[in-house]
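All remarks here apply to the structure that follows.
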Amino acid sequence: MATKTLHAVDYLAKPEKSPPQAVCAVYGDDAFLRRQALLKLREAVLGGDEGDFSLSSFEGRSAQWRDVLDDLSTIAMFGGGKRLVIVEEADEFVSQHRAELEDYVARPARSGVLVLDLKSFPSNTRLYKAVAAEGLAVDCGAPSGAALVKWLGAWARQMHQVELAQAAAEMLVEMIGPELGLIDQELAKLALLAGADKKITPEMVGQSVGGWRAKTTWEMLDAALAGNAREAMMQLDRLLGSGETPVGLLGQISASLRRFAAATRLILQAEAAGRRIALRTALEQAGIRSFVLQKAEQQLRRLGRERGEQLYGWLLQADLDLKGASAMPPRLILERLIVRLSAAKEAVVG
């Protein structure tokens, strides 16, 4: 049987093309996409408000298979439809009841729809293959790069009834990072500010998005790149104290640092080929905007060739560590990155 695995971007655009099956898995690292997919599944199974009486929700860490199965086997109270049973944060539940779930996918109850909300759902497992073949699997990994910018334009039209210029979408990603929930909140605010033409421009994004938090994030990065670790740590403390998440902060500063890494790589590749490339040219090719080129040149010169080469690795390490690869507290992971950026000057790039 053909699999029904699809990405959340495609599912949310046209959910009617992928109706709920007896077993559905909503999985991936983006909580916003998982939440939106769950809402669409709930709407498709239960319909209006009365359908909530036919909804059961279990916490994955404490849920027992017999209780979940009992609810799946119970006839819906309203409308003659099906019961919807959601196991939230179900990773541990799946690990404990994998065999029972594999059997259930093969012989599900006709009276219910089971939805597993998962951060991870490895494609090499029997359960994944069974759900992909017999049920519905929705991949909620966040899109990136050009795919993310394209999706934001479509999402703005679909959910907020506004036209989001590509440059404005790029600015949102650069200012906020790949945090789709936060970006959606800003889109909702921008939609209220849009005029009769319902267009969101880069100028609107620059004036309205982020407030002092976005400004403070860039001040933190600027301080680190200027060698002022103490000031950068103070700004980090202020941001974390205001409720910013370490993962969100890393996402916001990573875009600029990746451009520095790309510029360094362009220079080194040119040198290896026996050519020279001006630092400004490398920064432009790496995507640095013209109005910050002068500052970016100064920052990358201070950062130096060796650290410019290591940026990709540092960012990857910080991202993995924040997502569970390290027992180090999240704050210390960010502080380590700040110390690396603000250390004394090394070999000059260019």
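The values are calculated or read from the model by the stated rules, or taken from the named source; none is laboratory data. Predicted model, so just to flag it, every value in this text is computed and none were measured. In this analysis, Cβ positions are derived from the backbone assuming ideal geometry, glycine residues included, and neighbour counts consider all displayed protein chains. Heads up: the accessible areas ignore ligands, DNA and RNA and are worked out on the full protein's heavy atoms, side chains in. Shrake-Rupley method; radii C 1.70, N 1.55, O 1.52, S 1.80 Å.
On the given criteria, is ALA223 farther than 20 Å from PRO329 by Cα, open to solvent by less than 50 Å² (accessible area, probe 1.4 Å) and modelled with pLDDT of 90 or more? Judged against the criteria, ALA223 is a match. Within the range 282-308, the only residue that satisfies the criterion of being of a type in the set (S, T, N, Q), surrounded by fewer than 14 Cβ atoms within 10 Å (Cβ to Cβ) and over 20 Å from MET171 (Cα atoms) is GLN298.
Matching residues to (1) surrounded by 16 or more Cβ atoms within 10 Å (Cβ to Cβ); (2) of a type in the set (A, V, I, L, M, F, W, C); (3) modelled with pLDDT under 90; (4) under 19 Å from the mean Cα position of the chain (by Cα):
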| position | (1), (2), (3), (4) |
| --- | --- |
| ILE176 | yes, yes, yes, yes |
| ALA229 | yes, yes, no, no |
| GLN252 | yes, no, yes, yes |
| ALA255 | yes, yes, yes, yes |
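Taking the criterion of being surrounded by fewer than 16 Cβ atoms within 10 Å (Cβ to Cβ) and either among the charged types (D, E, K, R) or part of a helix (DSSP H, G or I) (or both), the residues of the range 142-155 that qualify are GLY145, ALA146, ALA147, LYS150, ALA154. Selection of the range 89-123 for residues being open to solvent by less than 20 Å² (accessible area, probe 1.4 Å) and either acidic (Asp, Glu) or free of Cβ contacts under 8 Å to residues at least 12 places away in the same chain (or both) yields only ASP117.
Table: residues versus (1) within 22 Å of the chain's Cα centre (by Cα); (2) aromatic (Phe, Trp, Tyr); (3) at pLDDT 90 or above; (4) more than 22 Å from LEU249 (Cα to Cα).
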{"position": "ARG126", "(1), (2), (3), (4)": "no, no, yes, yes"}
{"position": "TRP155", "(1), (2), (3), (4)": "yes, yes, yes, yes"}
{"position": "ILE183", "(1), (2), (3), (4)": "yes, no, no, no"}
{"position": "THR201", "(1), (2), (3), (4)": "no, no, yes, yes"}
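Considering (1) more than 17 Å from LYS129 (Cα to Cα); (2) modelled with pLDDT of 95 or more, the lone condition that MET77 does not fulfil carries the number (2).
Scanning the range 278-323 for residues that are of a type in the set (A, V, I, L, M) and touching a residue at least 60 places away in the same chain (Cβ under 8 Å), we see that the one that is farthest from ILE338 (Cα to Cα) is ALA278.
Scanning the range 124-141 for residues that are open to solvent by less than 40 Å² (accessible area, probe 1.4 Å) and under 30 Å from LYS189 (Cβ atoms) turns up VAL138, CYS140, GLY141.
LYS198 satisfies every condition listed in (1) farther than 30 Å from ARG340 by Cα; (2) free of Cβ contacts under 8 Å to residues at least 24 places away in the same chain; (3) open to solvent by 50 Å² or more (accessible area, probe 1.4 Å) except (2). In the range 268-277 there is no residue that is surrounded by 18 or more Cβ atoms within 10 Å (Cβ to Cβ) and either over 26 Å from the mean Cα position of the chain (by Cα) or over 17 Å from ALA223 (Cα atoms) (or both). Out of curiosity, is LEU69 in a helix (DSSP H, G or I) and either modelled with pLDDT of 90 or more or surrounded by 19 or more Cβ atoms within 10 Å (Cβ to Cβ) (or both)? Yes: the conditions hold for LEU69.
For the range 279-321: of the residues being assigned to a loop (DSSP other than H, G, I, E, B) and not aliphatic (A, V, I, L, M), which is nearest to the chain's Cα centre (by Cα)? Looking at the filtered set, the residue picked out is GLY287.
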